[in-house]
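Okay, structure first, notes after.
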Amino acid sequence: MAKQSNPVAEDDMRMGRRVNRKVSVLLTEIEKEEVPDRLLELAQQLQKELAAKQ
């Protein structure tokens, strides 16, 4: 049975673009946040452990 493709309605496309913009703005704001020192230490420790396993 062949899959039918339905054209995306213009309203749905506009909604998708709005959501994409909002997500983009949120990600930009998140990237501006400071990373706690403890989280950085854990990430570095994880990198060392992963490198040691290779």
Relative to the first principal axis of the alpha-carbon coordinates of the chain, what is the inclination of helix 37-53, with its axis defined by its Cα atoms, in degrees from 0 to 90 and to the nearest 10? 90 degrees
In degrees, nearest 10, range 0 to 90: what is the angle between the Cα axis of helix 10-32 and the longest Cα principal axis of the chain? 10 degrees
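Taking only DSSP H segments of four or more residues, each worth -39500 (n - 2.57), what value at 222 nm results for the chain once the sum is divided by all its residues, to the nearest 500 deg cm²/dmol?
Numbers: 2 runs with 40 residues, N = 54.
When only DSSP H runs of four or more count, the value is -25500 deg cm²/dmol.
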Dividing the alpha-carbon Rg of the chain by 2.2 N^0.38 Å yields what? 2.08
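No lab work stands behind these numbers, since they all come straight from the coordinates. This is a predicted model, so every value here is computed, not measured.
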